[in-house]
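Written below as structure tokens is the structure these notes are about.
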Amino acid sequence: MVSRFHILLLAAALALGSLVTAPGSRASAAVTGSTYPTVAAPGTQLTQASQLLSAAQSDADRGDNEAAAEKLRHAAQLEPRSIEIQRLLGDVEYRLQHYQAAEQAYQAVLAVDPGNRDVWNRLGGVYSAEDRYDDAIGAFRKSLPSQAGFANLILAYQDEGRLGDLESEMKIEETRNPYDPSNHYNLASIYKAEQRYDAAISQLQYATDLDARYVDAYNLLGNVYGEQGRYEDAINQYRKAIALDSKYAFAWNNWGVELVNEGQYEASIAKFKQSVELDPGFALGFENMGVAYDHMNDFTQAVEDFQLAINLDPHERNVYVNLGALYYSHNQYNLAEAAFIKGLALQPKSARLHFGLGMTYEAQKKLALAEEQFKIAIAEDPKDSQAASELASVESVLSR
């Protein structure tokens, strides 16, 4: 049954995997009872703030966001104009779902460095989590030409059902400057999101013809081949990306995905480990590693990796599907139900989450609830044949 649910994730660009989000309706409360002094002797504040930042980074890499936030809030009091402190503070507040606090931290960075594209991208993630789509699109646009920002811009337009508008805009840009490889890359990214794979491949070939060292383009071309089931062709593209940049975590992750697709689970884990060693905050790497461990029947390690992915990015779009599937496959239906419901709180239109919840209700003999979830899944994805089959089965039993 696990194969009905599990989703392996390809990383086309930075996206939101390295930051995260939280309840922006209120800023987090000030830390009280801290062991860190609030006043430092002259000349020591910078050193103390640097030490707090280093310790907080270690906490964040372990997924201990509460501990990291406590240190960073104090470090920000000592050095309020430190870009590094405020950026990481924004990340952990986002992970803790303290959206207003995250926004304040990112705005503090932008007050010092208004052109910081990486932080504009992260701020767009905060706005997306709050369903402030116009603000999110504006922030993502300010992050361009960042590949991460463009990937998130696509997601924002998809969520609003306006991807065609973005495609039209990018076609105009490509026509205006056909010799800019990034225009071809951006258009290919949209075609991939629309599952127009031949068009995406054509644009990526233009991009690499114009720039033979375009690492992101080789990685995205691998993504496209992987989605077509051309796993070895995909791996060859990731090898090209890594040959140009051995520290390119996304290609290592994606190579692992294709190995899982080929049933080479132990080999895939080595690739996923490489990706998270290069980027300890890479939530997708941990999530995919969890999928591989589940295929190897290592339940405990799979749960640990999924939970770490959630700690690093609670808004990752498929981790709750995978965690719920894991619990479901081990007959832990209450935990599966909780995972699917938590995912739906973040993504109420996810057909796979509704399907997973329906399967869990069906296993618990809660057939009326299962019927409702399968109907929602089909409404969100009319091509979902699994949901249609399960709905027919449940309705047959209920009609007796």
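The values are calculated or read from the model by the stated rules, or taken from the named source; none is laboratory data. Predicted, not measured: the structure shown is a model, and the values here were computed from it. Virtual Cβ from ideal backbone geometry, glycine too; neighbours counted across all protein chains shown. Side chains included, ligands, DNA and RNA excluded: accessible areas come from the protein's heavy atoms. Shrake-Rupley method; radii C 1.70, N 1.55, O 1.52, S 1.80 Å.
The table below gives the values:
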{"read-out": "Residues located in the range 332-368, provided they are part of a helix (DSSP H, G or I) and open to solvent by 70 Å² or more (accessible area, probe 1.4 Å)", "value": "Asn334, Leu335, Ile341, Lys342, Ala345"}
{"read-out": "Residue pairs meeting the criteria (Cβ under 7 Å; at least 6 apart or on separate chains; first more than 19 Å from Glu316 (Cβ to Cβ) and surrounded by fewer than 23 Cβ atoms within 10 Å (Cβ to Cβ), in the range 144-158; second modelled with pLDDT of 85 or more and of a type in the set (Lys, Arg))", "value": "Ser146/Arg117"}
{"read-out": "Residue list for the range 269-306, restricted to those being free of Cβ contacts under 8 Å to residues at least 24 places away in the same chain and either closer than 20 Å to Glu66 by Cα or open to solvent by less than 20 Å² (accessible area, probe 1.4 Å) (or both)", "value": "Phe272, Glu304, Asp305, Phe306"}
{"read-out": "In the range 202-258, the residues that are open to solvent by less than 20 Å² (accessible area, probe 1.4 Å), under 20 Å from Glu174 (Cβ atoms) and hydrophobic (A, V, I, L, M, F, W, C)", "value": "Leu204, Ala207, Ala217, Leu220, Leu221, Val224"}
{"read-out": "Test result for Asn261, under 14 Å from the mean Cα position of the chain (by Cα) and either surrounded by 24 or more Cβ atoms within 10 Å (Cβ to Cβ) or touching a residue at least 12 places away in the same chain (Cβ under 8 Å) (or both)", "value": "no"}
